[in-house]
Protein chains: 2
Amino acid sequence: MTQKGITLKDVAAAANVSRATAARALNSYGYVGDETALRVIEAADRLGYRANLVAQALRSGQLPIVGFVPGDIQNPFFARIAHDIEAELRKHRHNLLIASSEENVEQEKELLESLRSLSIRGFILAPTSATDSQHIVQLAREGAPIVMIDRVAKEVHCDSVVVDNEGGAREAVDYLVAHGHRRIGLLRDESRIFTAQERLAGYQNSLQSHGITFDESLISVSRSTVEHAIEATIRLFSRHNRPTAVFTVDSLMTQGALLGLRSMGLSIPDDVSLVGFDDFNLATFTDPQITVVAQPISEIGPLAAKLLLERLAGKKVAPRHIRFPTRLIVRGSVSRLHKR
Amino acid sequence: MTQKGITLKDVAAAANVSRATAARALNSYGYVGDETALRVIEAADRLGYRANLVAQALRSGQLPIVGFVPGDIQNPFFARIAHDIEAELRKHRHNLLIASSEENVEQEKELLESLRSLSIRGFILAPTSATDSQHIVQLAREGAPIVMIDRVAKEVHCDSVVVDNEGGAREAVDYLVAHGHRRIGLLRDESRIFTAQERLAGYQNSLQSHGITFDESLISVSRSTVEHAIEATIRLFSRHNRPTAVFTVDSLMTQGALLGLRSMGLSIPDDVSLVGFDDFNLATFTDPQITVVAQPISEIGPLAAKLLLERLAGKKVAPRHIRFPTRLIVRGSVSRLHKR
DNA sequence: GGCCAATGTGAGATCGATCTCACAATGGAA
DNA sequence: TTCCATTGTGAGATCGATCTCACATTGGCC
């Protein structure tokens, strides 16, 4: 339990100079004699000196830490992004502190509040609510750079990286319509309001552009977990005039639909066609494999990190809003509907 | 960009007392007049004062942050554990800093080195190597509590939370043998030396106890990714006298085996039986569902966090080594082998 | 009345790194 | 020879919270 703690003072003493000179030598600024500098560096090496980041942070006001607040770190989507962000930050000697909001606005507020007092340099955030965003506005006002990913919150002026939810959903439903489907169910979640709203809009726009009447009863809402999605699926397919196809708004809902349909003895794609939003590894393991709208997930994290690092470096430009296109990956979960 | 920064000084000034008195009122220690205390607290509230954790950390020497170094945060196993740890720490007002070693010892060394200078309070670590552990020993010597999970490293004296890898593997292979299999392949990884070694031992012990000769050529080694596991599977099943069953040492290898076998046109369980170590959501989506050895994953994270928090609270006892039992979950990926 | 304990409060030190400022050499130019 | 610019170095302040210590007040008690 020998708390080491080799401080600059120790190095300075070992090199027979003042703390000021030692600091100059190690950080190469100001005037330092060549020989002196060498002596200091040698001493630092010998003692295994490492600057105390906390002390540095106290002066500079900022720790080399970036906060990441995903909806849920267990969601592979966010896990992947967390990984990418961390790798990118690491290159710039920054650390990533992850605090999951669990899709709960109150928790999000508390987390941000507590991260705030840590003097964290910046935030990457997937806002839980599109409207309840005053706490984020407040945070931004205090000067901490923020990058929103996956979703955006109203009235917050900061960089954002999202995907084209509306277009992706539209493409998925277009595809189903092109295969003759007209009674198309939608499995959507309530919580991730921003993406859910946009995907719903895509669904509606597609129907409308094909002259199909929007039928409220074809929409089933649940929380975004596999379990809840199973129930929602069963609810949706228990009606007597059931849909011939479903579009699910995220990968957990897709999994729920898969299990729900299986439990009802409905087979894909013979009884029901399925397209899901968000690709996920499971999609290629099922039989048939699932047709999905894929997000460019590998680009989101690195880009978000890059935007944030630019802000940390002092870049002052108007907020940048990046919106990635999605891509329909056709597999085998959609069949042509034959007129009966 | 109005860097707020309401400090204790501001509060003290607003309440017309000294910083010392303000600190006493807010942290309730020492003697403070009731009325004075009230005035200070009221002022703090009004100004929205929050103690600067960095300044506190500089004095106390420690930030309320715990470092988590998993093998790979994208692995659902670690993502789940990260989530659980974070939730547990949050209750005690601690934050979780995640830095993935990506199963690379060198990276692990660098990470620990850089976390060290952050004055982090403690570490939860899945050591990449069982033998190359001097850097961890060093870290422990400096007084930072460490809890190892999933694997242990030699010569490091600290708490650990692992599962019964040897027993789990043995149970899996026993199960295959009980179904008549004698030529049982093993898909194992090279990197996670500790668990791989133990699971290999379980495989060997099971064979031995059933009088089956150990055949080196039935073992296929690869990195623990789906892609590499696919190749390893194909290698294993390309031999002319191929195995009738496989045991895979983790969920990524299991997925690789699934895809590899499918690409070779081999069906489960008719052509090949399969048991995997580690349950994963995908296992119940395939047809047939996969029989696995499940780890009590929901208990690992919370327990690790609890052990660490006890250490942080000053608990001084000999290192505790927890080893959870595994559980065989029988699904449909194993068939009885008929003598031909 | 005098004295000690209990109670309240503030000045200043501390944690470690860094920055400002003052001051000392040295050398070249006038 | 004198003076200023350049180069090199150290003393001390700073960041914000907390802790020690010293200094006031009170009140109770002999």
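Here are a few things to note about the model shown:
- Condition check for B:Y49: within 39 Å of the chain's Cα centre (by Cα) and not in a helix (DSSP H, G or I): yes
- Residues that are within 11 Å of DNA strand C (Cβ to nearest atom) and touching a residue at least 40 places away in the same chain (Cβ under 8 Å) occur at least once in the range A:8-20.
- Here B:L125 meets each of (1) modelled with pLDDT of 95 or more; (2) touching a Pro at 6+ places or on another chain (Cβ under 7 Å) with one exception, condition (2).
- A:L89 at pLDDT 90 or above, within 12 Å of chain B (Cβ to nearest Cβ), within 16 Å of the chain's Cα centre (by Cα) and not in a helix (DSSP H, G or I): no
- Check on B:L63, in contact (Cβ under 8 Å) with a residue 24 or more places away in the chain, under 30 Å from B:D150 (Cβ atoms) and more than 9 Å from DNA strand C (Cβ to nearest atom): yes
- When B:A99, B:A55, B:A79 are checked against the criterion of being away from DNA strand C (no atom under 16 Å from the Cβ) and without any contact (Cβ under 8 Å) to a residue 24 or more places away in the chain, B:A79 stands alone in meeting it.
- Check on B:I73, open to solvent by less than 20 Å² (accessible area, probe 1.4 Å) and out of contact with any His (no Cβ under 6 Å at 6 or more places or on another chain): no
- Subset of the range A:5-22 (residues that are in a helix (DSSP H, G or I) and more than 8 Å from DNA strand D (Cβ to nearest atom)): A:L8, A:K9, A:D10, A:V11, A:A13, A:A14, A:A15
- Filtered residues of the range A:57-86 (kept if at the interface with chain B (Cβ under 10 Å from one of its Cβ atoms) and assigned to a strand (DSSP E or B)): A:L63, A:P64, A:I65, A:G67, A:F68
- The number of residues in the range A:25-34 that are within 14 Å of chain B (Cβ to nearest Cβ) and open to solvent by 80 Å² or more (accessible area, probe 1.4 Å) comes to 0.
- Matching entry among B:S238, B:S267 (being hydroxyl-bearing (S, T, Y) and open to solvent by less than 50 Å² (accessible area, probe 1.4 Å)): B:S267
- The C-beta contact set for the range B:30-43 (first residue closer than 15 Å to B:L8 by Cβ, second residue open to solvent by 80 Å² or more (accessible area, probe 1.4 Å) and more than 6 Å from DNA strand C (Cβ to nearest atom), distance under 8 angstrom, 6+ apart or interchain) comprises B:A37/B:S28; B:R39/B:N16.
- Note on the range B:280-296: residues that are farther than 21 Å from B:V173 by Cα and either away from chain A (no Cβ under 11 Å) or in a helix (DSSP H, G or I) (or both) total 2.
- Just one of the listed residues (B:A14, B:A44, B:A22, B:A37) is within 14 Å of another protein chain (Cβ to nearest Cβ) and either surrounded by 14 or more Cβ atoms within 10 Å (Cβ to Cβ) or among the basic types (K, R) (or both), namely B:A44.
- Members of the range B:145-176 found to be among the charged types (D, E, K, R) and closer than 20 Å to B:L115 by Cα, listed by number: B:D159
- Considering the conditions (1) more than 14 Å from every other protein chain (Cβ to nearest Cβ); (2) part of a helix (DSSP H, G or I); (3) buried (at least 21 other Cβ atoms within 10 Å of the Cβ), A:V246 is excluded by exactly one of them, (2).
- Complete set of residues in the range A:92-111 that are assigned to a helix (DSSP H, G or I) and within 12 Å of another protein chain (Cβ to nearest Cβ): A:Q107, A:E110, A:L111
The values are calculated or read from the model by the stated rules, or taken from the named source; none is laboratory data. Just so you know, these numbers come straight off a predicted model, no measurement behind them. All Cβ positions, even for glycine, are placed from backbone atoms using ideal geometry, and neighbour counts span all protein chains on display. Note: accessible area is taken over every heavy atom of the protein model, side chains too, but ligands, DNA and RNA are not part of it. Shrake-Rupley method; radii C 1.70, N 1.55, O 1.52, S 1.80 Å.
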